[in-house]
Amino acid sequence: MLQPKTKREDFDRYLHISYTQLNTYLKCPQKYEFQYVRGIPWEFVPEYFPFGRAIHEAAKLFYKTLKETGQRIPLADLTQHFKQTWDKETQGNNIRYKENQNRDTTREKGTQLVRVFYENVAPQRIIGVEVPFSVDLVLEETGEVLPCKLTGIFDLIESDEEDTLVIVELKTSSKRFSDDQIDLDLQGTLYSYALKQIGFRTNGDETLVRYDQLLKHKNPDMETYYAVKGNIDYTWAHHLVRKVLRAIDHEVFHPIPGWQCKECPFGTTCQKKQ
Ligand code: SF4
């Protein structure tokens, strides 16, 4: 049985980096600087933050109830939990909604997605829900250990009857993933590496990652994708993380203007800095 090996003090004792931090740097190093180096307050909160949190809270309740009681929580209770989380997360916050959307319409979209999740999700044996980890990043070829630990939280770990483990990541987005997105997904690679580091994998050196994607379409839908991650992916990710850490160390914080600027909570600061 999988046991969370990471204690609270492990998170506090070491320098650490998460997938979210790496992803922020890769999308825009200047945004990384504003957020993680200078700690500048956000000008607004993009709606996808509280939305994602409320959806994940509902999924967490679904999986925990199933794991602890063997029963599916009633849909009405799950929907209620989503609504309560959404209302709490968006109360008094400076939320920026998408064009022509507001707190109520986004809440309604979330309610529809919770229903789609409920009708489509088919978990196998649930091993762990929201399992935290903090692991060394070690390059197997040379034994090099990076100066930061990798930290994160597995949304869900399942297994089948043969004890074959699968990492499950729940995503909400407005576009279906492409094959390349799944194959190159850094989060899946890092999380399967973390599972290997705490002593578990699906088969040999490989781990299966399942992505449950909730689509925020006019008619909401859910897609499921699979990726197999192994040593080649881990080596590639290790080199990537090492280069990012070196760039951060050298204060390489240039802006990358693009589609991501529209929802960037540092737009005004960024303009002044140009
Ligand atoms: S506005 Fe764009 S370029 Fe500026 S920090 Fe944000 S993401 Fe980067």
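The values are calculated or read from the model by the stated rules, or taken from the named source; none is laboratory data. As the structure is a computational prediction, the values presented were derived from the model and not from experiment. Neighbour counts are summed over all protein chains in view; Cβ atoms, including those assigned to glycine, are modelled from backbone coordinates with ideal geometry. The accessibility values were calculated without ligands, DNA or RNA, using every heavy atom of the protein model including side chains. Shrake-Rupley method; radii C 1.70, N 1.55, O 1.52, S 1.80 Å.
Just a few scattered comments:
- For the stretch 131-274, the alpha carbon convex hull comes to 145 Å³ per residue, rounded to a whole number.
- The phi-based Karplus calculation (6.51 cos²θ - 1.76 cosθ + 1.60; θ = phi - 60°) puts the 3J(HN,Hα) values of the stretch 208-225 at 8, 10, 10, 10, 9, 10, 8, 9, 7, 8, 4, 9, x, 8, 10, 10, 10, 10 Hz, whole numbers, x for Gly and Pro.
- Between the amide H of Val45 and those of Asn94, Ile95, Arg96, distances stay under 5 Å, these residues lying 5 or more places away or on another chain, with hydrogens modeled in the peptide plane.
- Alpha-carbon Rg/Rh ratio, for the stretch 152-193, with Rh computed the Kirkwood way: 1.01
- Under 29 Å, Cα to Cα: Lys pairs in the stretch 136-267, sequence gap 8 or more or different chains: 21
- Taken along its principal axes, the alpha carbon cloud of the chain reaches lengths of 54, 51, 37 Å, longest axis first.
- In whole angstrom, the stretch 47-121 maps to an equivalent ellipsoid with semi-axes of 24, 12, 9, each derived as √(5λ) from the alpha carbon gyration tensor and ordered largest first.
- DSSP beta bridges in the chain [antiparallel fraction, %, rounded to 5]: 65
- Under 5 Å between amide hydrogens, built in the peptide plane, is the criterion, and for Ser18 it picks out Thr151 among residues at least 5 positions away or on other chains.
- For the chain, the solvent-accessible area of protein heavy atoms averages 54 Å² per residue (probe radius 1.4 Å; ligands and nucleic acids excluded).
- Using the Karplus relation 6.51 cos²θ - 1.76 cosθ + 1.60 with θ = phi - 60°, the per-residue 3J(HN,Hα) values for the stretch 28-41 come to 6, x, 5, 5, 4, 4, 4, 7, 9, 9, 9, x, 6, x Hz, with x marking Gly and Pro.
- The GluC sites (Glu not before Pro) found in the stretch 35-80 that occupy coil by DSSP, while having at most 14 further C-beta atoms within 10 Å, are Glu43.
- Value at 222 nm in deg cm²/dmol, rounded to 500, when DSSP H runs of n ≥ 4 in the chain each add -39,500 (n - 2.57): -13500 deg cm²/dmol
- The HN-Hα couplings worked out from phi for the stretch 96-113 by the Karplus form 6.51 cos²θ - 1.76 cosθ + 1.60 (θ = phi - 60°) are 9, 8, 5, 3, 6, 10, 9, 4, 6, 5, 6, 4, 5, 4, x, 4, 5, 5 Hz, whole numbers, x standing for Gly and Pro.
- With each label modelled as a point 7 angstrom along the Cα→C-beta vector, the Thr69-Arg38 pair spans 5.0 nm.
- What you get for the chain, charging only the Cβ of Lys and Arg (+1) and of Asp and Glu (-1), is a dipole of about 1080 debye around the Cα centre.
- Highest to lowest packing among 130-138, 158-166, 263-271, 98-106, scored as the average C-beta count within 10 Å: 130-138, 263-271, 158-166, 98-106
- Computed over protein heavy atoms with a 1.4 Å probe, the carbon and sulfur contribution to the accessible area of the stretch 47-121 reaches 43%.
- Heavy-atom accessible area for Glu251, with the other protein chains in place and a 1.4 Å probe, reaches approximately 140 Å².
- Under the simplified labelling scheme, the Arg53-Arg96 pair shows an inter-label distance of 1.8 nm, with each label point 7 Å from Cα along Cα→Cβ.
- Label-to-label distance, nm, for residues given as Arg242 and Lys272 (7 Å Cα→Cβ offset): 3.9
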